[in-house]
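One structure is given here, and the rest of the page talks about it.
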Amino acid sequence: MSDEEPSVLRQLARLSTVGVALVAATAVGLAIGYGLDRWLGTGPWLTMVFTLFGIVAGFLNLFRDLGLLRRPWR
Amino acid sequence: MTAETVQKSSDGKGIWLLLVGLVVVNLLLGFFLAPRHVALEHAPIVQFPNFLAFLGVPGTWLPAHVTFTWLVMALLVAGSLMATRALKAVPGPLQNFAEVVLEAFFDLLEQMIGKQGRQFLPLVGTVGLFILTSNLLGNLPGFQAPTANWNTTVALALTVFVWYNYAGIRKHGLAGYLKHFCGPIWWLAPIMFPIEFIGHLARPVSLSVRLFGNIFGEESVIGILISLAWLVMPYMIWLGVMLPLSLFTAAVQTFVFIMLTMVYIAGAVEEGHGEEQH
């Protein structure tokens, strides 16, 4: 069973989540911004803002998934 | 002991009715609706044909990953029924194994979520066993892992997404749960809310893409190696390198999926928002 692995494997498993977590949040932010721009016709601005939001959200998710932030705001 | 407490709650007849009903509905859906969905099916190089079409039953049937999902479901249901049908105080080998698995899940849940973790066993245990069985099934020659198809992993990730949000709302109430989204300082809330929103939307995306990508990539490499098997060397690479590696991937990806599920649930249901401490 995967549940009985030693803690090194557990930490490797946690580390392997890094790449996708960052990319997914950035992509979701980009998609939301692009969609809002297409809908509202507000030029490149919302795309830029929401991509930045997405990057920040990616790092936030990253720290949480790695267990570096136990509570939401620590 | 734990096997008793979990399995006693389901009465015998209801679950069979539910299963038969699900199979009938799925067959009907497959018969009438499948042609529209056939385009979604990816075509790996090594693919066991769909059982029903393979047996010569006419009609357009569901894509292969759905059939293999049924196979995994059947394996899990049969296994758990056999393990829990005749519970004894001194367990036999199968019941012993089931108890070991359950205890492992309970330990993990209490370690990651805390005292309230045990109530999430139905979700985490089902998802973990399903993913592990599917990943291992993909290693048998001729079988395709259901998790190598994005549709399956999206369904799993969306289930987890809905469930952890529901658990958070049930625990804190809608307003209390939304307060999690608004950050530590009140004037940061307009910035923090979209960031948190995007972060939560990204979770099912990353969960599903990670599992699907790992398993699909591994199956593709194995498929290419097997298609070159007449060169003998790729066959040895498959047996010596790819097979151990894919067994390892199966376990690690299962663990990653259920670990992240528990991290998300823990983040949604944890006590105190930080304001009390300031």
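The values are calculated or read from the model by the stated rules, or taken from the named source; none is laboratory data. This structure is a prediction, so every number in the text was calculated from the model and none was measured. Reconstructed Cβ throughout: ideal geometry from the backbone, glycine too, with neighbour counts over all protein chains shown.
Condition check: more than 10 Å from every other protein chain (Cβ to nearest Cβ), acidic (D, E) and in contact (Cβ under 8 Å) with a residue 60 or more places away in the chain. Does B:E270 satisfy that?
It is false that B:E270 is more than 10 Å from every other protein chain (Cβ to nearest Cβ), acidic (D, E) and in contact (Cβ under 8 Å) with a residue 60 or more places away in the chain.
Being within 7 Å of chain B (Cβ to nearest Cβ) and modelled with pLDDT of 80 or more: is that true of A:A13 here?
When the stated conditions are applied, A:A13 does not pass them.
Modelled with pLDDT under 85, in contact with a helix residue (DSSP H, G or I) (Cβ under 8 Å, 6 or more places away or on another chain), in a helix (DSSP H, G or I) and surrounded by fewer than 20 Cβ atoms within 10 Å (Cβ to Cβ): is that true of B:I222 in this structure?
When the stated conditions are applied, B:I222 does not pass them.
Answer with yes or no whether B:V209 is facing another protein chain (nearest Cβ under 9 Å) and within 21 Å of B:T133 (Cα to Cα).
In short, yes.
Six or more apart or on different chains, Cβ atoms under 8 Å: show the pairs whose first residue is in segment A:21-33 and within 24 Å of A:L66 (Cα to Cα) and within 7 Å of chain B (Cβ to nearest Cβ) and whose second is charged (D, E, K, R) and in a helix (DSSP H, G or I).
A:A21/A:D65; A:A24/B:R203
If I ask for residues that are assigned to a helix (DSSP H, G or I), over 28 Å from B:V154 (Cα atoms) and in contact with a helix residue (DSSP H, G or I) (Cβ under 7 Å, 6 or more places away or on another chain), which ones from segment B:227-274 would you list?
Passing the criteria: B:A229, B:P234, B:Y235, B:I237, B:W238.
Taking segment B:107-161, which residues are part of a helix (DSSP H, G or I), β-branched (V, I, T) and over 15 Å from B:L247 (Cα atoms)?
Hits for segment B:107-161 are B:V124, B:T126, B:V127, B:T152, B:T153, B:V154, B:T159, B:V160.
Each row is one residue, and each column tells you yes or no for (1) farther than 22 Å from A:L60 by Cα; (2) at pLDDT below 85.
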position: B:G92; (1), (2): yes, yes
position: B:V124; (1), (2): yes, no
position: B:V127; (1), (2): yes, no
position: B:F143; (1), (2): yes, yes
position: B:L158; (1), (2): no, no
position: B:V162; (1), (2): no, no
position: B:G173; (1), (2): yes, no
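If you take the residues of segment B:174-189 that are within 11 Å of another protein chain (Cβ to nearest Cβ) and either in contact (Cβ under 8 Å) with a residue 24 or more places away in the chain or not β-branched (V, I, T) (or both), which of them is surrounded by the fewest Cβ atoms within 10 Å (Cβ to Cβ)?
Of everything passing the filter in segment B:174-189, B:L188 is surrounded by the fewest Cβ atoms within 10 Å (Cβ to Cβ).
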